[in-house]
Amino acid sequence: MAFSIHQRSVLLARLQTEPFDLLVIGGGITGAGVARDAALRGLKVALVERGDFAIGTSSRSTKLIHGGLRYLEMGDVGLVFEAVRERQRLLQLAPHLAKPQSFVLPVMSHSKHSVFTLDLGLTLYDMLAAFSGVMPHRAVRKKALLRMEPSLIGHGLSGGVRYFDATTDDARLVLANIRGAVAAGAVCLSQVAFVRPDLRDGKLAGAQLRDQVTGASIAVTASVAVAAAGPWTDAFGHAWRMATDASAAAPPPLQPSKGVHVVVARHRLPLHHAVTMTSPLDGRVVFALPWPHATVIGTTDTAYSGPLDEPGCTWQDADYLVRTVNGCLLPTGGPLAVADVVSTWAGIRPLVAQAGASSYKTSREHVITADPVGLVTIAGGKLTTYRVMAEQAVDAALQLLGNGVAAAAKSCATATLPLPGAEALPANLRPLEAIAAIVQQQFGVDPEIARHFSERYGSDAGAVCAVCAEQDRGFDRVLPDLPYCWGELAWLVREEMALDLVDLAVRRTQLYYVAGDRLLAIAADLGRHMALWCGHPPERAQALADQLVGYVVAHRVQHQDPVAVG
């Protein structure tokens, strides 16, 4: 069954008529991982998300799959060991979603650690990965490092290290897990909000939900709920305890932390490698990451107590990031300014609170609790270890479901089963290059577009091309200098439940991040296409376009009086 807006009514009907073992609340990476894992074990699973899939933290990370060097410094050896193991697993099971990335870590006069200390730390990092990483690290002298990454500032540079981790498109990783869950029989719906639990004889019997699209109330039957609410965990837990009058132990409270990223044009900061910088302003780690058509700078890490839905990038946030870059790198055409920012994103890390710890030093470990009424809650954690978190959450849910269901459930399969887009890759050392060659030959597409399709969709690249071939101007580019095609967007509506243009431009693709305000000029055209693909009346096109325009404008740097940071 295609996971399409055109099947949404069918999925809603299933949600209301079928009994479920598990109701997963939250469509971020953890909830998506739980749904896929549980469905693959043979459980009857429903997942609901009140916004779009990955709308919160799971589309607003630094988009890295990594062990976390600074977690070693904090002594979280167990977390790093688990993370590097999961990094290697993702590189194997989803090469279109997790890609090796070379990093350089320069040692400058303001750096906290010497080359020798970093060399020792990265030796431990390689050992924790059992030397099965992409490549082992190596220390690099100053002259060699400047040849390797010419954008580095030479003054005060004493050398550095080169090491490897991995990058990902975090929102697409979520969508791959959602699609995997649906393929295994789960019902997964965005724009469906949890309202309250329904109890029978002191146990969960289901829940009341609300369709955010129509406003209709929905009653679902479920034996156990799994709350994967990210930053909203505390609010959800409070509402649950009020509705159930339960006194079971709640998970530790969260200590939300805001992380901001800014995007600049690639020609302003044309990096050869990702750069791990120590900010001269406060000593925090900040990354500069090369994308094909842009460069990303992030992240900040500050305690946060504001609204959770749409945390913004303030002038101070952007100024901190560009000043950090200017203290470590030499942008082309002179120092970066806030005016160079093309787009931004800001996310809230749902960190589990630790007494006396700043947000920067708070552990990324996760916590799972179980309420005998029928609720499993998972809080904290990090993107890289989502699969392990999901496995443990499903294990906890099986204990609440009882011996009969647990005995019939299959064992966890996610450690070895490729994600969608990687199931049919060629047996080749470079499978994505092989896919690009196949679609280029079969459909006669531009080499850049063929490479773009293979690297984003893996073995689904041929299906994307087939939809492009069906569409009038399907292989035409949405913007002339970017490889996104009109037919590709149609495929995302058909196969990945994109309901509006923000879903398309922000989470199904990275159009917003690399184009920014340039989307304003084509918003009306995008609205007309989206209305056609979704089967909406033509007059709906303007509302779709206006929503995208509103998003782009709202996510510009929030202009405030400059205040010095650091």
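All of the numbers you see were taken from the coordinates with simple rules; none came from a lab. Remember, predicted model here, so these are calculated numbers, not experimental data. Note that each Cβ is placed from the backbone with ideal geometry, even for glycine, and that neighbours are counted across all protein chains shown.
Once the Cβ-Cβ distance of Gln442 and Asp245 is raised to the sixth power relative to R0 = 60 Å, the FRET efficiency obtained is 0.45. In this rough spin-label picture, where each label sits 7 Å from Cα along the Cβ direction, the Ala130-Lys203 distance is 4.1 nm. Placing R0 at 22 angstrom, the Cβ-Cβ distance between Val213 and Arg528 gives a FRET efficiency of 0.60 after rounding to 0.05.
Segment 210-278 and segment 467-513 have Cα centres separated by 26 Å. Could you tally the net charge around Ser102, taking each other residue with its Cβ under 10 Å from the Cβ of Ser102, Lys/Arg +1 and Asp/Glu -1? Taking every Cβ under 10 Å from that of Ser102, the sum is -1. Close amide H partners of Ala205, meaning residues 5 or more places away or on another chain with modelled amide H under 5 Å apart, are Asp198, Leu199, Arg200. Computed from the Cβ-Cβ distance with R0 of 25 Å, the FRET efficiency linking His110 to Ala554 stands at 0.10. Taking the Cα centre of the chain as origin and assigning +1 to Lys and Arg Cβ atoms and -1 to Asp and Glu Cβ atoms, the resulting dipole is close to 1020 debye.
The calculated 222 nm mean residue ellipticity attributable to helices in the chain amounts to -11000 deg cm²/dmol, summing -39500 (n - 2.57) over DSSP H runs of n ≥ 4 and dividing by all residues. Annotation: amide H-H contacts under 5 Å for Lys44 (H modelled 1.01 Å from N, sequence separation of 5 or more, or interchain): Asp21, Leu22. Residues Met389, Met148, arranged from fewest to most other Cβ atoms within 10 angstrom of their Cβ, appear as Met148, Met389.
Please state the shape class of segment 11-75: rounded when a/c is under 1.5, otherwise prolate if a/b exceeds b/c and oblate if not, all from the C-alpha gyration tensor. Judged from the Cα gyration tensor, segment 11-75 comes out prolate (a/c at least 1.5, a/b above b/c).
For segment 111-121, backbone phi angles converted through the Karplus equation (6.51, -1.76, 1.60; θ = phi - 60°) give residue-by-residue couplings of 5, 7, 10, 7, 4, 4, 5, 5, 4, 5, x Hz, Gly and Pro being listed as x.
In summary, the lysines within cross-link reach of Lys258, defined as a Cα separation below 28 angstrom excluding same-chain residues under 8 places away, comprise Lys63, Lys99, Lys112, Lys361, Lys382.
Straight-distance candidates among the lysines for linking to Lys410, with alpha-carbon spacing under 21 Å and chain neighbours fewer than 8 residues away dropped: Lys44. Spatially, segment 165-181 and segment 306-323 are offset by 25 Å when compared through their Cα centroids.
Looking at the chain alone, DSSP beta bridges between its own residues are antiparallel in about 75 percent of cases. Annotation: amide H of Ser102 within the under-5 Å range of Ala274, sequence separation 5 or more or interchain, hydrogens built in the peptide plane. Coupling constants for segment 260-267 follow from the phi torsions by the Karplus curve (6.51 cos²θ - 1.76 cosθ + 1.60, θ = phi - 60°), and in residue order they are 10, 10, 10, 10, 10, 4, 4, 5 Hz; glycine and proline get x.
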